[in-house]
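The structure under discussion appears below in the form of structure tokens.
The values are calculated or read from the model by the stated rules, or taken from the named source; none is laboratory data. All values derive from a computational prediction rather than experimental measurement. With ideal geometry, Cβ positions are generated from the backbone for all residues, glycine too; neighbour counts draw on all protein chains shown.
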Amino acid sequence: MEEKLSYEEGAVQPLSMHPKKFALWLFIVSVVMVFASLTSAYIVRQGEGNWLEFNLPDIFWYTSAVIILSSITMHWAYVSAKNDALDMLRLALIITSFLGFAFLVGQWYSWVALVDRDVYFVGNPSGSFLYVFTGLHALHLISGVIFLIIVLISSLRYKIHSQNMAQMEMCVTYWHFLGALWIYLFMFLLLNH
Amino acid sequence: MAVANVSSHDVEHHEHEHHDNFITKYIFSTDHKMIGKQFLVTGIFWALIGGFLSIVFRLQLGFPDMNLEFLRPIFGGWIDNTGKLDPNFYLALVTMHGTIMVFFVLTAGLSGTFSNFLIPLQIGARDMASGFMNMLSYWFFFLSSVVMFCSLFLEKGPAGGGWVVYPPLSALEQAIPGSGLGMTLWLVAMTFFIVSSLLGGINYITTVINLRTKGMSFARLPLTIWAFFLTAIIGLLSFPVLFSAALLLVFDRSFGTSFYLSDIYIGGEALPNTGGSAVLYQHLFWFLGHPEVYIVLLPALGITSEIIATNSRKPIFGYKAMIISMLGITILSFVVWAHHMFVSGMNPFLGSIFMFLTLIIAVPSAVKVFNYLTTLWRGNLRFTPGMLFSIGLVSVFISGGLTGIFLGNSAIDIQLHDTYFVVAHFHLVMGSASFFGLVAGVYHWFPKMFGRMMDEKLGHIHFWLTFVGIYMVFFPMHYIGIAGFPRRYYTWTEFAFSDMYTDLNMFVSAAAIITFAAQMILVFNFFYSMFFGRKASLNPWRSNTLEWTTPLHPQHGNWPGEIPSVYRWPYDYSKPGSKEDFIPQTIPLSATPESNLPHEEKLVNLEKEIIAEEGQILVANETKEES
């Protein structure tokens, strides 16, 4: 029976994922590993004591709201593209990019808030880690915004519609991932602070 | 998740077959076969440098009073006026030997070469999922190589903190000359290297999962592909962690943060860094470092499985057990990293857990060894050079693996850690084994790479010199290590307890020089045969796998016509009833009624139905095109 199954499975051309989409998922895995290792390092280091305690900047709540909102507008863009509502798609993409940009500005102000609290990049690792988390995430988010703009340009050239969704879907995946990544980091910081 | 049928992929690639000029064919090539060869040649270049560096420090260890004046044209000021090697440069030599061999030769040179070359050929694909990414992968590796190579010629020397570059030694420029610019360039080069590995790995995984030809189920993949696939997964999960470790180290070195630094006094003065943890670096590093061992080893094991089965003219023993044990090794490789840190001040209870997990790895490793031996058992052995090196791999894998059982014990490790026992252990089980796998692969797939055969006699001479040489180098090292002599020490003659090992060291050094010199036979054979070797036949080893169904010099796209379909597993050697002693994967079961097993007879009917169905579809398509 088992032999037969394996045969049938192999007899037809294996239906498979779009290779580029699959590669994007693998890229996401590697980014997850970077942040997983950094947050683990944070816990290990915190366990050893000599850990500077300070309050997280409140602005993180607002930036988190912004990034959740941007995921909603991204989904709106996705649905619009699926329904061939191209004007709506462009509007949604523009709003999403704008929200992404707003998030980055907010993260910058979180650094300002940290400096106001005398928490610097150079100093106790508890502060340095915070800068590394936010900085590295922001770098990825910048790449996400660039991706968004590329998608926006393709949509202006009528290259994104219900029959041609690959690029759009990759962008959606990446954007939701970046949002989820930030929410993870923020929750992690709230719980392990 | 949207699903795409990738057969349209086939069409795109036909167009690439013409218009190749020199640059697109040999330099900025997107053809996986050329990229594989690029990795191989760069790997050989690095292997020669890495080997040469080891000879230089072996001279220092074996013949401490020797006058090294003759090396001054190469090393300049690193040889002082009395003809002695500079102690700081000795550390740099050891560091660079390790870095080059582990990353540039046995990761990029082995995995880069054979994953690139064999994955599309053995699974029946036109090329990698993304040829462009693949090209980037090589060029990032090249960039990394250039940076690392330049660092060899710095005034203060290349990185000198050991290949593991532990802080604080590597984090403070004041510590040793090798922690200056050399260390910075080391980190830059490794960053490019990580990018290269990730680009390559993502490509390998995507290709294996998405671009297999018709009939090539996972249960019919050659073990080489399984090994490359799992290696790529390990790399994808572990290299990002090295990136994190290196990133924090860069911040500590260049921006003044204190992730790894705390309470350090230099010349009586306290450094401003507080609150860092040096052990943190070790955790991050070894989370990559241990899986890296298997990144190096698994491809060699995969290559060996294929070569041993082919040249024993027998199906591989325990195909599924081989896959399961490789899966086991893959998973276990991520949960044993702290056995490198038993004496770092870690909680001894944690040590016991890691010891337990470490010793479990002996099980899948032993399964693999038994399977190799039982495949060889009563086979019609053909001692081609590739086969000899594969059997050699099994030998060094056993002798090096046994010492691993000792080192994995956290109690025994207190005595043995950081001695030459460790050096002997990992040079046999990881260094030599992987190197043997690499060389076996070169001998075996050379005909496919260049359409010519390598000289068999030279191959035999090369094997015996290497095999005997390797044991002469590393076997005595066990004794030196048990006697308690630490690695990375510049000289041995200053201490009474190690004085008596001078002659043993002399022996090791002499053996090392002979072994290194023997590798020139391979280099000569390789480059000579590339141009003047005997022309190869299409399937010189009478092998079953798909790569031997391509033309002698496959163009970009690999198969001139349709990609062949696969109807059976790759190890139908000496099947009872069959006229030939091998049945390639492309031969349908219905064509071999004389050798089919009872359960295969049932499959024949199914196969016929499918073939008939496909025929209808083909006819339908053709009539559509005509109309």
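Annotations for the structure displayed:
- Considering only residues in the stretch A:143-193 that are assigned to a helix (DSSP H, G or I) and among the aromatic types (Phe, Trp, Tyr), the one that is farthest from A:Val34 (Cα to Cα) turns out to be A:Phe147.
- Some residue of the stretch A:173-182 being more than 15 Å from the chain's Cα centre (by Cα) and among the hydrophobic types (A, V, I, L, M, F, W, C): no
- Annotation note: of B:Gly77, B:Gly112, the sole residue that is part of a helix (DSSP H, G or I) and either without any contact (Cβ under 8 Å) to a residue 24 or more places away in the chain or outside the structural domain of B:Leu297 (by TED's automatic domain parsing) (or both) is B:Gly77.
- Considering the conditions (1) assigned by TED's automatic domain parsing to the domain that holds B:Glu600; (2) among the small types (Gly, Ala, Ser); (3) touching a residue at least 60 places away in the same chain (Cβ under 8 Å), B:Gly561 is excluded by exactly one of them, (3).
- Residues being loosely packed, with under 15 Cβ neighbours inside 10 Å, among the β-branched types (Val, Ile, Thr) and within 30 Å of B:Trp139 (Cβ to Cβ) - total across the stretch B:42-87: 1
- Within the stretch B:193-220, being of a type in the set (Val, Ile, Thr) and more than 7 Å from chain A (Cβ to nearest Cβ) holds for B:Ile194, B:Val195, B:Thr207, B:Val208, B:Thr213.
- When restricted to residues that are without any contact (Cβ under 8 Å) to a residue 60 or more places away in the chain, part of a loop (DSSP other than H, G, I, E, B) and not charged (D, E, K, R), the stretch A:16-56 contains 1.
- Taken together, the residues in the stretch A:92-137 that are closer than 18 Å to A:Leu181 by Cα, touching a residue at least 24 places away in the same chain (Cβ under 8 Å), of a type in the set (Gly, Ala, Ser) and surrounded by fewer than 17 Cβ atoms within 10 Å (Cβ to Cβ) amount to 1.
- The stretch A:157-193, residues that are loosely packed, with under 13 Cβ neighbours inside 10 Å and not aromatic (Phe, Trp, Tyr): A:Arg157, A:Lys159, A:Ser162, A:Gln163, A:Asn164, A:Met187, A:Leu190, A:Leu191, A:Asn192
- Whichever residue in the stretch B:267-280 is touching a residue at least 60 places away in the same chain (Cβ under 8 Å) and more than 9 Å from every other protein chain (Cβ to nearest Cβ) and, among such residues, is farthest from A:Ser126 (Cα to Cα): B:Leu271
Here's the yes/no breakdown for (1) over 24 Å from the mean Cα position of the chain (by Cα); (2) assigned to a helix (DSSP H, G or I); (3) within 11 Å of another protein chain (Cβ to nearest Cβ):
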position	(1), (2), (3)
B:Leu236	no, yes, yes
B:Leu242	no, yes, yes
B:Leu247	yes, yes, yes
B:Arg253	yes, yes, no
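- For the stretch A:57-67, the set of residues classified as part of a helix (DSSP H, G or I) and not polar (S, T, N, Q) consists of A:Ile59, A:Phe60, A:Trp61, A:Tyr62, A:Ala65, A:Val66, A:Ile67, listed by residue number.
- Close pairs from the stretch B:352-369: first surrounded by 15 or more Cβ atoms within 10 Å (Cβ to Cβ), partner of a type in the set (S, T, N, Q) and outside any helix (DSSP H, G or I), Cβ under 9 Å, at least 6 apart: B:Met355/B:Asn409; B:Thr358/B:Asn409; B:Leu359/B:Asn409; B:Ile361/B:Ser333
- Close pairs from the stretch B:441-469: first within 12 Å of B:Gly386 (Cβ to Cβ) and not assigned by TED's automatic domain parsing to the domain that holds B:Phe114, partner of a type in the set (A, V, I, L, M, F, W, C) and part of a helix (DSSP H, G or I), Cβ under 7 Å, at least 6 apart: none
- The selection criterion, being part of a loop (DSSP other than H, G, I, E, B), at pLDDT 90 or above and in contact with a Pro (Cβ under 6 Å, 6 or more places away or on another chain), does not hold for B:Pro564.
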